[in-house]
Amino acid sequence: MSTVAPPRPEAVPEIEPESNGLVASFNSVDTVLEAVRVLRSGGIERIDVHSPHPIHGLDDALGLKGSPLPWGAIAGAAIGLGSGIWMAWWMNAVDYPFIISGKPLFSIIPSLPIAFELAILFAAFAVFGGAIAFGGMPKLANQKFRIPSFARATDDRYVLAVDSRDKCFDLVGTRALLDEVGGEGVTDIPPVATSEKRIPRTVWMAAAVLCVLALVPAVLIAKARNSTSTKPRLSFVSDMDHQPKFKPQTTNSFFPDGRSMRPQVEGTVARDDLREDDQYYLGRNSGHGGLAANAAEKDSDGWVTAFPLTVDESLIRRGRERYQIFCATCHGQGGDGDGLVTLRALELEQGTWVKPTSLHAEPIRGQPVGRLFNSISNGVRKMPGYASQIPVRDRWGIVAYVRALQRTRAATSADVPSEILPNMRELN
């Protein structure tokens, strides 16, 4: 017994609607608002108003609810904030822990800048994406643009559109209602053809190519992360990596002498380096030699005997600080030549160490302040010069502090301030 297959049903062609709705033009804000209220009272809810400027009260008339975009922005910001903090923790404390200057591998405060930036970025993405989604975009075709009168919505007319998908929409009745409320040029919105609903094949192909290209950087990064290379890394902005400069003591064919370092211009002095005051900068009176003057000259031969600057408590305190840094290691805290370096050198008994002269010895006490300044600046015997390390004013501060140390060994009651003297007597 044979069976016969039933006949295949023929495809039923899709019936397109005759109209997607109606549009009408109004010439004033009051008339279009009144039209919206009348349509809403008749039960019609799918209404759009296109205006060349914002209309106050239109949202209430249309019955629009609050936009969900602010909540989307808050959610995006929260995700970005959490992602930034998590990324800083993962990169610094887990994936690549690296201690820098003893700082903790992860801390909330340093992570806030990147977390803040990601919060702003994700919030912007949420608002942008939400506006596209809630706006029904993208639309491949908008039939309203094919109505000539609709173009005046950006110029001098207010265009009201009623969607045919509204449950209370009736083509004849809604048209009559629009005419009744003063609508001008009531026109049908032509339906969208089936062919216009399909995304063109070229768009799909372009999107596929873009998706593949977008994966290329991720693949290259993954490859570089899990492999090594002897080639230099790619540098898209090489200004900070390869600066057009010449280092000291290198050659440079641009100049005739082939040197990159340029000599000082003959007959010139660098700004703020002109030093005409020999008493302040050299510790000598004018006309008695320069910085390299022999410290063994007689004390009466040009050394200044008075400080060329005001000596006050701040200068002495500064001198004491510099003395303890540069001088006390050899001369000792009290100036007796018993610093830690001296004690260690004598302990080793190598026979090459010369103990520094006590600053309280008579020859040192009798030296003018200018000669003491010169000794600090240019050195004496095995003591090196400190002119390149200690500024001029600080050198004078050290001289003032040395004079204060020397004064302590020969002080009398007349040197003690009157407000302290009674306490000193009680201690004695």
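The values are calculated or read from the model by the stated rules, or taken from the named source; none is laboratory data. Everything quoted here is computed from the prediction, not taken from an experiment. Reconstructed Cβ throughout: ideal geometry from the backbone, glycine too, with neighbour counts over all protein chains shown.
Values for this structure:
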{"read-out": "Residue in segment 88-98 that is surrounded by 14 or more Cβ atoms within 10 Å (Cβ to Cβ), aromatic (F, W, Y) and assigned to a loop (DSSP other than H, G, I, E, B) present", "value": "no"}
{"read-out": "Number of the exception - P422 against (1) assigned by TED's automatic domain parsing to the domain that holds A306; (2) more than 21 Å from R317 (Cα to Cα)", "value": "(1)"}
{"read-out": "The lone exception for Y96 - which of (1) more than 30 Å from L69 (Cα to Cα); (2) touching a residue at least 24 places away in the same chain (Cβ under 8 Å) it fails", "value": "(2)"}
{"read-out": "Test: residue in segment 401-423 that is exposed (fewer than 10 other Cβ atoms within 10 Å of the Cβ) and either among the β-branched types (V, I, T) or touching a Phe, Trp or Tyr at 6+ places or on another chain (Cβ under 7 Å) (or both)", "value": "yes"}
{"read-out": "Residue match in segment 337-354 (condition: over 47 Å from the mean Cα position of the chain (by Cα), assigned to a helix (DSSP H, G or I), in the same structural domain as S286 (by TED's automatic domain parsing) and closer than 30 Å to D272 by Cα)", "value": "no"}
{"read-out": "So G130, is it over 23 Å from the mean Cα position of the chain (by Cα), in the same structural domain as T187 (by TED's automatic domain parsing) and modelled with pLDDT of 85 or more", "value": "yes"}
{"read-out": "Test: residue in segment 183-206 that is at positive phi and of a type in the set (G, A, S)", "value": "yes"}
{"read-out": "Among the candidates F150, F106, residue that is touching a residue at least 12 places away in the same chain (Cβ under 8 Å), in a loop (DSSP other than H, G, I, E, B) and either of a type in the set (A, V, I, L, M) or surrounded by 12 or more Cβ atoms within 10 Å (Cβ to Cβ) (or both)", "value": "F106"}
{"read-out": "All positions within segment 33-64 that are among the aliphatic types (A, V, I, L, M), closer than 18 Å to D166 by Cβ, in contact (Cβ under 8 Å) with a residue 60 or more places away in the chain and out of contact with any Gly (no Cβ under 8 Å at 6 or more places or on another chain)", "value": "V36, V38, L39, I44, I47, V49"}
{"read-out": "Index of the failed condition, F145 passing every other in (1) in contact with a helix residue (DSSP H, G or I) (Cβ under 9 Å, 6 or more places away or on another chain); (2) assigned to a loop (DSSP other than H, G, I, E, B); (3) modelled with pLDDT under 85", "value": "(2)"}
{"read-out": "Residues satisfying the stated conditions in segment 29-59, i.e. outside any helix (DSSP H, G or I) and under 23 Å from T154 (Cβ atoms)", "value": "R46, I47, D48, V49, H50, S51, P52, H53, P54, I55, H56, G57"}
{"read-out": "Verdict on R371 being touching a residue at least 12 places away in the same chain (Cβ under 8 Å), assigned to a helix (DSSP H, G or I) and of a type in the set (D, E, K, R)", "value": "yes"}
{"read-out": "Residue list for segment 107-126, filter: under 24 Å from V94 (Cα atoms) and touching a helix residue (DSSP H, G or I) at 6+ places or on another chain (Cβ under 6 Å)", "value": "S111, I114, A115, L118, A119"}
{"read-out": "Qualifying residue in segment 125-142 (condition: assigned to a loop (DSSP other than H, G, I, E, B) and in contact (Cβ under 8 Å) with a residue 40 or more places away in the chain)", "value": "yes"}
